[in-house]
Every structure is written in structure tokens, then in C-alpha cells.
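Throughout, read-outs are computed from the coordinates displayed, never taken from laboratory work. From a predicted model like this one, the values you see are computed outputs, not experimental measurements. A quick note on method: Cβ atoms are made from the backbone with ideal geometry, for glycine too, and the neighbour counts reach across all protein chains shown.
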Amino acid sequence: MIGYVTVGVSDMDRAKNFYSELLKDMGATVTADMDRIAFIGKSMAEPMIAVCLPYDEEPNHPGNGNMVAITAGSKEAVDTLYAKAIELGATCDGEPGQRIPDVFYGAYVKDLDGNKLAFFVFG
């Protein structure tokens, strides 16, 4: 249902590198790059994350309550994505752990521009 989610960034090259490195083990690459916006994912036919310089040319601002949730597939993959994000310069916004017993395991970080990401698995 979701085609892509866009997050505003302050430095396109830095953002493309962060998300490409973070998600490369899931098969993601920059699938389209159009100056002020770039799409990162497996293909244009699957959900992607887009990074962009704001259209109004004003500084980007992470939304309060906005979050991109990336399905990891396993608890180990949640842990791996969280560690990789921290290694790439993200900040912790909730260490990996069981949030809802037997239902939801997740971890939270803020990317290099303060956008909130969740890595999760249900079950």
C-alpha cells in the first residue's frame, strides 16, 4: 500500500550514504536520484524511503510524532540494523528490546538529521 516515505534532510550526499549503507544488507540501493530527492529501496515497485531537500528551500525539520518503521524480519536483524545505524552516526532513541510481549520487538534511532526510525519485527 505504501509506495514511499519521504524524510527531509540537510545534506543529500550524507543522507544517501547513510540510508544506502544502513539498508544495503536488505538489498536496498539508490533506485532514483533527481537532485533534491533520491529514492532508496530494492526496486521502484516496492516500498522505498526517499530523502529530500525541502521543496520550499527552508531548513528541514524532523516531525514530532513522525517515524519511519523498517521491518527487519527477526530480532537479530533488529539488533543488527540498530547497531549499524549507531555506527553510521545515528543516535539512540530506544535500545532494542521486547516492547509488547510475544508481539513486538523493536529499536529506535534518530538519523543524522534527527528523523526518527524504528526497526521492528512482529511475533
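Okay, here's what the table says:
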quantity: Sum of -39500 (n - 2.57) over DSSP H runs of 4+, divided by residues of the chain (222 nm, nearest 500); calculated: -6500 deg cm²/dmol
quantity: Residue-count net charge about Gly65 - beta-carbon cut-off 15 Å; Lys, Arg +1, Asp, Glu -1; calculated: +1
quantity: Approximate shape of region 6-123 as ellipsoid semi-axes (Cα gyration tensor, √5λ), whole Å, largest first; calculated: 24, 16, 12
quantity: Proximal charge balance of Gly27 [Cβ under 15 Å; K/R count +1, D/E count -1]; calculated: 0
quantity: Geometric extent, Cα atoms of region 67-123 - Rg, Dmax (angstrom); calculated: 10.4, 32
quantity: Cβ-placed point charges (K, R +1; D, E -1), dipole of the chain about Cα centre in debye, nearest 20; calculated: 300 debye
quantity: By average C-beta atoms within 10 angstrom, highest first, the peptides 97-105, 113-121; calculated: 113-121, 97-105
quantity: Within the chain, percent of DSSP bridges classed antiparallel, to nearest 5; calculated: 70 percent
quantity: 0 to 90° range, to nearest 10: angle between helix 12-23 axis and the chain longest Cα axis; calculated: 30 degrees
quantity: Between helix 75-87 and the chain: long-axis angle, C-alpha atoms, 0 to 90°, nearest 10; calculated: 40 degrees
